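Below you'll find the structure, written out as structure tokens, and then a few comments.
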Amino acid sequence: MLRAFEAGIAIGIIAPLIGMFLVVRRYSLMADTLAHVSFAGVAVGLFLQINPIISAIILSVLAAFGIESLQNGRKIFGESVLALFLSGSLAVAVVIISLAKGFNANLFSYLFGSISTVSTSDLWVTLVLAITVFLAIVLLFKELFFTSFDAELAQANGLPVKVLNIAIVVLAAVSVALSIRIVGVLLIGALMVIPVISAMQLGKGFRTTMIFAVAFSLCSVIIGLFASYYFNLASGGAIVLVALCIFLISLVFSKRS
Amino acid sequence: MTEKTEKPDIKLDNVSFSYQSESPVLENLTFSVNKGDYLGIIGPNGGGKTTLIKIILGLLRPTNGTIELFGKDSYDFKEKYRIGYVPQRVTQADKSFPATVFEVVRSGRIAKRGFLNRFTKDDIEAVEKAMDLTGVARYRNTLVGNLSGGERQRVFIARALTSNPEVLILDEPTVGVDIGAQKTFYEFLNSLNRDHHLTIIFISHDVETISREAKTVLCLNHELVCHGFPGDIVNEHLLEHLYGDHLRSEPINHQHHHHA
């Protein structure tokens, strides 16, 4: 429980930080896409008997590069790139599962999140990478903000916009792959997006919105994990339900016209 | 006056641009913009005005020809903060983006501050000064999405001014701004040019505005149609040439060269 709690707090901080940049770029589906790619990565990891978090990270980072280059190439229309990767990676996962019958129960825990399966090595991988993602966002904050706000102006000011775009999707890929243990493939997108749109209801600036998003996310993770432990619920579902409650409350206090 | 010996702020030499194999958007443009100039660019839609701006800003690379910015080849030009840019779309910007006026104006200091460095007291002072000058200081904590088109325009000018640029480039600055605000806006631009010695380049499809406001006019329809004082060149013949039946000008005296 303590390990899940520590990993959960790390994820609760980085998920909305990344989610903020995805939401304002109208790229919310990216989180779900990367989650499905991570799921394929987990299946590959279990099949090859290596640490599934590592294989999930590798596969989703590769997919992040693939998505960015396909979108820059403009051969595929807009968000359909995401649909391609989302269903494609699910297909990969399903085929691997049917090839190797036997780890279905284990895989199920990755779909909806589970707190009892967090190992010590999982925790270390999660903490180290979460701190890396956090530091990257803090260091690149003003550049990432400006590129998200107006990519062309940012480029005219000499910012390496393409590199920053790749940085965002790679950071998203790492964060998603780390999070699926606790929150689950099907629900990580929600943890990245719901606290952010709740915070946006308050009508504050970028930084303040981000701080509120992290606060909402941490509340969701902490309350959700307690509920999951004491009532024996799937942790991902419990966390996202709390996030949804916060969103409903934020609608009541919404300052957006 | 030292202006004669000084290098022009912007100098284009035989610049052409085309997207892949399509017909050229810009052909053989040669002109200079001198320090303190107040240049209006007119021309029909699709005549290459915005493309020209993007080439000057380094957002697009010319297919042919060279561009010098402050005497330096544009490929080697790194001091991006010396040119301020206000794109056209700012008046219709994404209304849901959570950013305050202060945050947007401060982003103008990024080019000066450099990668990974944090904003300093100097940056904040420059931001305050630009917000005072453009009259947006009282909106500092308002979300840009909640401002009117004219107010947002001023925020983006403040943003461009924070880096103390020597040249300010504006693309269709008064589209989406109401008539009353347009008048004050052009008075403000004029004072930036007159009192702050800022070189200004602005695009407009509105010939009347350009001939009233700009000191010099550049007419663009894929090629340079004319470049000079508005009183000398803006006449009915020009307007017909730019906007009339012959949307694309034909250089008559060159016609037979290709076949020769």
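Values in this text are rule-based calculations from the coordinates and carry no lab data. Everything quoted here is computed from the prediction, not taken from an experiment. Because the Cβ atoms are built from the backbone with ideal geometry, glycine has one as well, and the counts that use them run over all protein chains shown.
Data for the structure
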{"quantity": "Between segment A:165-197 and segment A:209-257, the alpha-carbon center distance in angstrom", "calculated": "15"}
{"quantity": "Base-10 log of normalised Debye intensity for segment A:146-242 (one unit scatterer per alpha-carbon) at q = 0.13, 0.16 Å⁻¹", "calculated": "-0.57, -0.78"}
{"quantity": "Partner chain coverage, peptide A:61-72 - average Cβ within 10 angstrom", "calculated": "0"}
{"quantity": "Net charge over other residues, Cβ less than 11 angstrom from the Cβ of B:Asn117 (K, R count +1; D, E count -1)", "calculated": "+3"}
{"quantity": "Reachable lysines from A:Lys162, criterion Cα separation under 23 angstrom, eight or more residues apart if same chain", "calculated": "A:Lys75, A:Lys142, B:Lys54, B:Lys78, B:Lys80, B:Lys112"}
{"quantity": "Inter-chain Cβ neighbour average for residues A:144-153, partner chain, 10 Å", "calculated": "6"}
{"quantity": "Rg over Rh, two decimals, segment A:2-189 (C-alpha only, Kirkwood Rh)", "calculated": "0.98"}
{"quantity": "Cα-projected label distance for B:Glu79 with B:Ile124, points at 7 Å along beta-carbon direction, nm", "calculated": "2.8"}
{"quantity": "Cα-projected label distance for B:Asn64 with B:Gln20, points at 7 Å along beta-carbon direction, nm", "calculated": "2.1"}
{"quantity": "Fully extended contour minus Cα-Cα distance, from A:Thr208 to A:Lys101, at 0.36 nm per residue", "calculated": "33.7 nm"}
{"quantity": "Total charge dipole magnitude, the protein assembly as shown, about the Cα centre, Cβ charges on Lys, Arg, Asp, Glu only, Debye to nearest 20", "calculated": "1780"}
{"quantity": "Per-selection Kirkwood Rh - the protein assembly as shown (Cα, Å, 1 d.p.)", "calculated": "25.5"}
{"quantity": "Loop chymotrypsin sites (Phe, Trp or Tyr not before Pro), segment B:14-69 (other Cβ atoms within 10 Å of the site Cβ: 12 or fewer; DSSP)", "calculated": "B:Tyr19"}
{"quantity": "Span per principal axis, largest first, for the Cα atoms of segment B:103-195 (Å)", "calculated": "41, 31, 21"}
{"quantity": "For the protein assembly as shown, with +1 on Lys and Arg beta carbons and -1 on Asp and Glu, the positive-most of A:Ile246, B:Thr199, A:Ala40 along the dipole", "calculated": "A:Ile246"}
{"quantity": "GNM result for chain A, Cα springs below 10 Å: residue of A:Gly45, A:Gly224, A:Gly205 fluctuating most strongly", "calculated": "A:Gly205"}
{"quantity": "Neighbourhood net charge (11 Å Cβ-Cβ; Lys/Arg +1, Asp/Glu -1) for B:Asp206", "calculated": "-2"}
{"quantity": "Of the DSSP H helices in chain A, those whose Cα atoms cover at least 24 Å axially and whose Kyte score averages 1.0 or more", "calculated": "A:2-24, A:29-48, A:52-73, A:80-99, A:120-139, A:161-179, A:206-231, A:235-252"}
{"quantity": "Segment A:99-145 and segment B:41-70: distance between their alpha carbon centers, rounded to Å", "calculated": "47"}
{"quantity": "Length gained when the stretch A:Asn232-A:Leu127 is fully extended (0.36 nm per residue, less Cα-Cα span)", "calculated": "35.3 nm"}
{"quantity": "Rg to Rh quotient for segment B:4-87, alpha carbon positions, Kirkwood Rh", "calculated": "0.95"}
{"quantity": "Most positive-pole-ward Cα, B:Thr184, B:Ile110, A:Val174, against dipole of the protein assembly as shown from beta carbon charges", "calculated": "A:Val174"}
{"quantity": "Residue-averaged beta-carbon neighbours from other chains (10 angstrom radius) around A:11-24", "calculated": "1"}
{"quantity": "Over chain B - Rg/Rh using Cα atoms and the Kirkwood inverse-distance radius", "calculated": "0.98"}
{"quantity": "Packing-based ranking, highest mean first, of B:117-128, A:48-59 given that Cβ atoms within 10 Å are counted", "calculated": "A:48-59, B:117-128"}
{"quantity": "Relative contact order computed over segment A:2-189 (Cα-Cα under 8 Å; 6+ residues apart), in percent", "calculated": "40"}
{"quantity": "Local electrostatic count at A:Ala4 - Lys and Arg +1, Asp and Glu -1, tallied over other residues with Cβ under 14 Å", "calculated": "0"}
{"quantity": "Inter-probe distance in nm under a simple model that places probes 7 Å from Cα toward Cβ, at B:Phe115 and B:Ser148", "calculated": "4.2"}
